[in-house]
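Here is the structure we will look at.
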Amino acid sequence: MTADTTPAGGSRALLRQRRRRSAVRFVRRYRTRRAGLAGLAALVLFALVALTAPLTVGSGVTGVTDAPGSPLQAPSGAFPLGTDRFGRDLLGLVVWGSRVSLLVGLLAAVLSVVIGAVVGITAGHFRGAYATVLMRITDWFLVMPALVLAVALATVMSRSLGTVILAIGITSWPTTARLVRAQTLAVESRPYIERARALGGGHWHVMTRHVLPNVLPLILAQTTLMISSSILAEATLAFLGLGDPTVVSWGGLLQDAREAGAVSAGDWWYLIPPGLAIAAVALAFTLCGRAVESVLDPRLEVTR
């Protein structure tokens, strides 16, 4: 019994040791990317702001009936970013809106990448008629404007955060599917895949034990890049009035500013803070994504 369990235990220990070495190597390489570090620091700051929002500003900041200020007050000592059209503190609204914007962006990106990864891996593995049908569907989604499809879904479904997440996730997966399929084809052309099949490895074994670990770095990098796109898409849908009207988000604040006529009235404090927040988070995720890409695939560093 000991002879049977020792090799398995030793292989698991060796696997954990390799994973620790890979993690350490990844951290060391990532620390050399200054842009990636700057993006990571910004993301940590935004995450702390979002997580501590209930303690710093509280949920009462979104209330309309007991707003502390007058409508559209300019920035002052009492209200550093001014007030909105209801007299609410814009600084508190921007802080509270970070919770919704980051949550929707993260969940929508995860949904998009999961769909794209499943489609890409299965299409690259099974091929034939199955892959042809999947890729034609993927091509159809690629040629159709994602924003138009998302607007259509958000229009016919109920206005909620779940609808926004679903609309963004369903319309933004094709790029991931194409990338993952190409990587899957490259992995399955290697000799050890043929040996695994010769030893009796089935479809599930090959896809989960051999293909998925090799495409996982690509999926991770694509996730970080998709989050920024998802945040921008959520802001766009909210700006168009297709978001959840019961919650406060950065895109929703821009929509409120448009309805209040802040652009024509010159109420810049109503537009600039949420706009800058959206741009800063999108840029931070993009910097992190590019850094992760270059760490996982050093060849990208040469071509840039």
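The values are calculated or read from the model by the stated rules, or taken from the named source; none is laboratory data. Please read all numbers here as calculations on a predicted model, not as lab measurements. Glycine gets a Cβ as well: all are built from the backbone with ideal geometry, and neighbour counts include every protein chain shown. Each accessible area value is taken on the protein alone, full model and side chains, heavy atoms only, with ligands, DNA and RNA left out. Shrake-Rupley method; radii C 1.70, N 1.55, O 1.52, S 1.80 Å.
Think of a 1.4 Å ball rolled over the protein heavy atoms: the chain then has 53 Å² of accessible area per residue. Once C-alpha pairs closer than 8 Å and six or more residues apart are averaged by separation and normalised to the residue number of the chain, the relative contact order reads 24 percent. Heavy-atom accessible area for Ser264, with the other protein chains in place and a 1.4 Å probe, reaches approximately 110 Å². How would you classify the stretch 1-158 from its alpha-carbon gyration tensor, with a ≥ b ≥ c the square roots of the eigenvalues: rounded for a/c under 1.5, else prolate if a/b is greater than b/c, otherwise oblate? It comes out oblate by the Cα gyration axes. When Rg and the Kirkwood radius Rh are both evaluated on Cα atoms of the chain, their ratio Rg/Rh stands at 1.07. The label-point distance for Arg195 and Tyr130, in a model that sets each label 7 Å from Cα toward Cβ, rounds to 2.6 nm. Peptides 93-102, 35-44 ranked from most to least packed give 93-102, 35-44, packing being the mean of other C-beta atoms within 10 angstrom over each peptide's residues. With the Cα gyration tensor of the stretch 92-216 giving a ≥ b ≥ c as the square roots of its eigenvalues, does the rule (a/c under 1.5 for rounded; else a/b larger than b/c for prolate; else oblate) give rounded, prolate or oblate? Prolate is the answer for the stretch 92-216, as a/c is 1.5 or above and a/b outweighs b/c.
Here the stretch 150-304 is treated with +1 on each Lys and Arg Cβ and -1 on each Asp and Glu Cβ, and its dipole about the Cα centre works out to around 720 debye.
In the context of the full protein assembly, Tyr130 retains an accessible surface of approximately 110 Å², using a probe radius of 1.4 Å and ignoring ligands and nucleic acids. Rounded to the nearest whole Hz, the Karplus-based 3J(HN,Hα) values (6.51 cos²θ - 1.76 cosθ + 1.60, θ = phi - 60°) of the stretch 74-86 follow the sequence 5, x, 8, x, 6, 10, x, 10, x, 10, 8, 6, 9, with x at glycine and proline. Working note: 222 nm ellipticity from helices only, DSSP H runs with n ≥ 4, each -39,500 (n - 2.57), summed and divided by the residues of the chain, gives -24500 deg cm²/dmol to the nearest 500. Shown for the chain are the DSSP H helices of 15 Å or more along their axis, judged by Cα atoms, with a mean Kyte-Doolittle hydropathy of at least 1.6: 34-51, 90-126, 146-156, 161-171. Placing dummy labels 7 Å off each Cα toward the beta-carbon, the span from Val64 to Leu240 is 2.4 nm.
Model label points for Ala152 and Leu103, set 7 angstrom from Cα along the Cα-to-Cβ axis, are 3.0 nm apart. Here the calculated FRET efficiency for Arg19 and Val143, from their Cβ-Cβ distance with R0 = 51 Å, stands at 0.80, rounded to the nearest 0.05.
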